[in-house]
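Notes for the one structure printed next.
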Amino acid sequence: MRLEAPASGDPRDVLRALRTAVLGAGPAVSLGAGADLPADVPPGTAAVVTTSGSTGVPKSVLLSRNALISSAYATAARIGEGAWLLAVPATYVAGAQVLVRALLADREPAVVAGPFRPEPFAAAALGMASHENGARVPTYTSLVPAQLQRLLDAADTDPTVAKALRSFEAVLIGGQALAPTVRERAETAGVRIVRTYGSTETSGGCVYDGVPLDGVEVALVDGEVRLTGPMLADGYLGDPARTASVFPSDDAGTRWYRTGDGGEVVDGVLSVTGRLDNVIVSGGVNVSLDRVEAAVRGIAGLESAVVVPVADATWGQGSAVVVPRPTPAADAVLLERVRAVVADAVGAPARPSRLVVVDELPTLSSGKPDRAAVRARLAQDPWV
């Protein structure tokens, strides 16, 4: 099958390309990559989504029509059908799936284009209001945690933004862990949050609030979360070795996706504990930086903090907490508070050794922190 990129990253161009690729006979659409991909892809491919590479080398993921459609229908079965607002980049899987859901519902999506700001988001959300057969059409959107936090901050003083957030039947939050303080603020504000877990390799979120969508199964193998279901990608374009490693088949012939995340399942609910490879050895003790970051983000004012590894002359490896201004306390006082919270939640060896306050955190176009850029900057310039 032929592979073509949309004319631009403009959401309307992506929507037109996906309409042909998902509902028609193709060609497949390339999202998030340059012009260096091969012109042909396997039959049945609807999209090739190149990942952001926030923690590693970018990979081009093959998504079939069946995978995208299965994911979209499973979402509708869990949260309902209605109209969708696109507020994340259309070239990422979360944005592409917003458009696929809209296409399958036969409803034109609302679009917030350009740099994300609360006011245009609110105007677009409130402009979606419509009725069908006398009943209000439910509305939905998908956001990353940083966007939700900005909206909640704006809603504190702008009743229009607050009303817009409450207007959605569900707001899907994915891309990274949601800080407990942000979740509590959303609940207090009357925002109906659904936390999603998944990746480009699973056509987006496939576990909602810890519960797999219909047709999705979760397994833990040596502490690693594995997922299977009709939403799985076909693999990585031009990389059969990586495909075989990341998508193994069991003895029954079922394909699984190795997420690289640690987790646990209690009463059928999945809890993800963090990346298995995001671990340092501090004084001979393994420390999950994802657990450290979760503890730090539970502190009011530090919901956007990023925790990255740094060299430590005493312990071999340590961690630094990088947080944008303003901070809720003087740096030295705040570091001691952070260390106390992390010691209580994770253990004394996990206590960060440094606190770095920056004017602005580097981010990817998806809105997620650019961890590679943070690590590189700390290695070259201590930012202090």
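The values are calculated or read from the model by the stated rules, or taken from the named source; none is laboratory data. Just so it is clear, the structure is predicted and the values come from calculations on it, not from any experiment. All Cβ positions, glycine included, derive from the backbone under ideal geometry; neighbour counts span all protein chains shown.
Miscellaneous remarks
- Within segment 1-21, the set of residues being farther than 19 Å from residue 38 by Cβ and among the hydrophobic types (A, V, I, L, M, F, W, C) comprises 7, 14, 15, 18.
- Those strands (runs of 3 or more DSSP E) of segment 163-227 in which at least 2 residues are over 17 Å from the mean Cα position of the chain (by Cα), considering only elements entirely within it, cover 217-221.
- Residue count for segment 63-91 satisfying the condition of being in contact with a strand residue (DSSP E or B) (Cβ under 8 Å, 6 or more places away or on another chain) and of a type outside the set (A, V, I, L, M): 9.
- Among the residues of segment 126-160, those identified as surrounded by 20 or more Cβ atoms within 10 Å (Cβ to Cβ) and over 26 Å from residue 100 (Cα atoms) are 152, 155.
- Of the criteria (1) closer than 18 Å to residue 303 by Cβ; (2) at pLDDT 95 or above, which one residue 182 fails: (2)
- Of the residues making up segment 102-144, those that are small (Gly, Ala, Ser), in contact with a helix residue (DSSP H, G or I) (Cβ under 8 Å, 6 or more places away or on another chain) and assigned to a strand (DSSP E or B) are 110, 142.
- Failed condition for residue 214, given (1) of a type outside the set (A, V, I, L, M); (2) more than 26 Å from residue 147 (Cα to Cα); (3) modelled with pLDDT under 95: (3)
- Meets criteria (more than 18 Å from the chain's Cα centre (by Cα), modelled with pLDDT of 95 or more and surrounded by 15 or more Cβ atoms within 10 Å (Cβ to Cβ)) for residue 64: yes
- Residue satisfying condition, being under 25 Å from residue 36 (Cβ atoms) and assigned by TED's automatic domain parsing to the domain that holds residue 36, within set 259, 254, 243: 243
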